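Enquirer: Please find one structure pasted underneath; my questions will follow.
Computed from the coordinates by the stated procedures, all read-outs in this text should not be read as laboratory data. On a predicted model such as this, the values are computed, not experimentally measured, just so you know. Cβ placement follows ideal geometry from the backbone for every residue including glycine, while neighbour counts extend to all protein chains displayed.
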Amino acid sequence: IQAMSVLLHRESLCPDEGKTILDEFDENSQRNASGVSQDLRYALRESIELLGNEVLYDMKTRQGIDLNADPVDAGELTLECLRYMYRMLFVLFIESRQDLGYAPMKSQVYFSAYSLESLRDIADKARDDIEEIGEGYYLFDTLEKLYDMIYSGYPKSEEWQQAFDEDESHHDDFRIPPLKAHIFDPERTHLITNAKIRNHVMLRIIDLMSVTRGNGKKGTRGRISYSNLGINQMGAVYEALLSYRGFI
């Protein structure tokens, strides 16, 4: 109430001279969103390179593929990495916008066990120890499970859905309608889906998508709030990478 009384005060809405404080807040917000979208362009580009190199590493070491005898098409790998990162960007956006009513962020089970937001929290805590995390695949496996639930819906089968509807208790249950979009189709990212991305690489990618690069002499970094990004900023990030092409 105190904050609202200040914002709605005559001096805030129509001062005797200068801009209104609300206009200043709006301009600062727009300037910050523009800076964040620029940071995201660099973050996405670096993430694509990290992801592509990790796929090649996995094909050579874990899958035992001779990349000289059976080379990977650089254009196809680039496109798959772009799709994968756009997929992550989309999930970060819908999880931050509860008003959209899609991601069940109020469910503790979904938030702690499946959400990308929970992985951002892990990345925050492990930022200084990324190289010591190990060679496991927990983060990648969690994201694969999440993307599959979004693409196929949860519960998957009609029997499960009927049981869900008939169940009187829905404590910590959640439901996700299927989103049959190309961006979540696992067949369109089969090189990545068949690979295994190590934890320390996945943590680096999530960290790049979670915080700004920092500016000024101290280079202070801040956590990106996707709920504050508008369609224009998201579109600018998308368009900036349309012509991006990697090579091996």
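Enquirer: Search the structure for amide H atoms under 5 Å from the amide H of Tyr154, placed 1.01 Å from N in the peptide plane, and list their residues when 5 or more places away or on another chain.
Expert: Close amide H contacts, sequence-distant or interchain: Ile176.
Enquirer: Please list 3J(HN,Hα) in residue order for region 92-106, calculated via the Karplus relation 6.51 cos²θ - 1.76 cosθ + 1.60 where θ = phi - 60°; whole Hz, with x for glycine and proline.
Expert: Working through the residues one at a time gives 4, 6, 6, 6, 7, 10, 5, 5, 6, x, 9, 6, x, 5, 6 Hz.
Enquirer: Now for a different question. Based on the mean of other beta carbon atoms within 10 Å per residue, what is the order of 188-199, 60-71, most packed first? Numbers along the way, then the final one.
Expert: Details: 188-199: 18.2, 60-71: 9.9.
Going by the mean number of other Cβ atoms within 10 Å, highest first, we get 188-199, 60-71.
Enquirer: For the pairs Lys125/Lys180; Lys60/Lys156; Lys106/Lys196; Lys106/Lys180, note any where the Cα-Cα span goes beyond 32 Å.
Expert: Over 32 Å apart, Cα to Cα: Lys125/Lys180; Lys60/Lys156.
Enquirer: Using modelled amide H (1.01 Å from N, peptide plane; none on Pro or chain starts), what sits under 5 Å from the amide H of Val211, excluding residues fewer than 5 places away?
Expert: Amide H neighbours of Val211: Ile224.
Enquirer: Around Gly153, with a cut-off of 10 angstrom between Cβ atoms, what is the net charge of the other residues, counting Lys and Arg +1 and Asp and Glu -1?
Expert: After counting each charged neighbour, the total is +2.
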